[in-house]
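Report on the following structure.
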Amino acid sequence: MLRTDKPFLDALNGHVTDKIPFWFMRQAGRYLPEYRDLRESAGGFLEMAYNPDIATEITMQPIRRFGMDAAIIFSDILTIPHALGQHLEFAQGEGPKLDPINEASDISRLDFSKFDQHLAPVYQALKQTKAALTSEGFANTALIGFAGSPWTVATYMIEGGSSKDFFKTKSFAYAQEEEFSNLINILIEATASYLINQIAAGAECVQLFDSWAGALDSNSFKKWVIKPTKQIVDLVKDSHPDVPIIGFPRMAGTNYLDYVQGTGVNGIGLDHQVNLKWAARTLQPLACLQGNLDPAALMAGGDALILATEQIITELRQGPFVFNLGHGIHKDTPVEHVEQLVDLIKGM
Ligand code: 1CP
């Protein structure tokens, strides 16, 4: 693939770029005063995510301040279960709450009939954000669409919200493997369709968030993370062979290598636990690396932030590389520390 005017896309296409492309997971959100103001007036999180004007505005907020090389559409990984008819709500200050799946009959109630209609505001927000990036002068900023991976989304669907150990989901997968596999297959189809539509609406890259991939043993990891991800990658590449895909199997440890080899992703999101030298030697010949500053170093700022950032850049910039965090920005992070980090990356 030839170089473009977007360093983020060039890195994902395997180039070593002159400037270091960067964006931050959760770059739009509660650490920004302008986000908190909007959330105050908009009502709730879902009201914002399904309102194309508001979602566009929130997606643009960090770009206007910091000029990231990529904007990620403001939405959530739980729009898919919601669009399949599962009840979802977000109470202020609490995590997501869903009506949990307890048995096979709950899975058979999931329903594609309103799927596209339900997600239409997300596609509209992508169109408007693409236009806003151009009209506001961010011609070199790429637009990222995203979805949760089937395993991670299934944990929310079965637990009914956040969990510490995913015990209900894992026991379900062991005890009722066929039913769990049905659920994963539904999510594969839904996720591929969602991502393909996001690309049609203007996304230039898509990221699959598998935030809880690290909860699985190696065999289950192959079954519930690698295999479904490969199927989604194949389906998306059938329609859009040139759109890069980033996988983020958080906390996968040495399973990261199996994931890169087994899925066909172009880029791999590294959590901050991954050893940099190992990643550079083992993973970077196979995929563009994205990561992996500990959000706690960003919270701390100062010399600790400088040291941690320089280390990552020194180890990873010899190959295709996108600077990011190892997980999302913490909501209490001072905006000045994000400014410090951006200046640091731009200066290197
Ligand atoms: O204002 C608020 O109270 C809402 C907080 C919030 C925000 C800002 C939620 C609820 N979702 C989001 C946006 C969001 N979620 C984005 C937007 C783009 C960005 O700027 O990065 C993205 C990419 C996500 C993805 C997401 N949602 C993930 C994967 C990444 C990760 O953080 O691991 C997960 C696990 C979720 C579920 C979710 N949605 C919201 C919360 C608080 C959670 C996490 C719950 C938990 O910890 O289990």
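The values are calculated or read from the model by the stated rules, or taken from the named source; none is laboratory data. Computed from a prediction, not measured in an experiment: that's the story for all the values here. Here Cβ is always computed from backbone atoms with ideal geometry, including for glycine, and neighbour counts include all displayed protein chains. Side chains included, ligands, DNA and RNA excluded: accessible areas come from the protein's heavy atoms. Shrake-Rupley method; radii C 1.70, N 1.55, O 1.52, S 1.80 Å.
Key figures for this structure:
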| read-out | value |
| --- | --- |
| Förster radius 30 Å - calculated FRET efficiency between SER162 and GLU34 (Cβ-Cβ, nearest 0.05) | 0.65 |
| Span-like helix ranges in the chain, DSSP H, alpha carbon extent 30 angstrom or more, Kyte mean at least -0.5 | 115-135, 177-200 |
| With every protein chain in place, the chain: carbon and sulfur % of accessible area (1.4 Å) | 51 percent |
| Rg/Rh ratio calculated on Cα atoms of region 133-177 (Kirkwood radius) | 1.37 |
| Per residue, the convex hull volume that the Cα atoms of region 7-346 enclose (Å³) | 120 Å³ |
| Overall form of region 75-136 per C-alpha gyration tensor (a/c, 1.5; a/b vs b/c) | oblate |
| Accessible solvent surface per residue of the chain, calculated while the other protein chains remain in place, 1.4 angstrom probe, Å² | 40 Å² |
| GNM flexibility winner over the chain from ASP69, ASP99, ASP37 (Cα, springs under 10 Å) | ASP37 |
| Largest-first principal axis extents of the Cα set of region 3-109 (Å) | 53, 35, 21 |
| Ordering of 102-115, 189-202 by burial proxy (mean other Cβ atoms within 10 Å per residue, highest first) | 189-202, 102-115 |
| Whichever lysines have a C-alpha closer than 24 Å to that of LYS168, once near sequence neighbours (fewer than 8 apart) are set aside | LYS97, LYS222, LYS223, LYS227 |
| Along principal axes, Cα extents of region 243-286, largest first, whole Å | 28, 19, 15 |
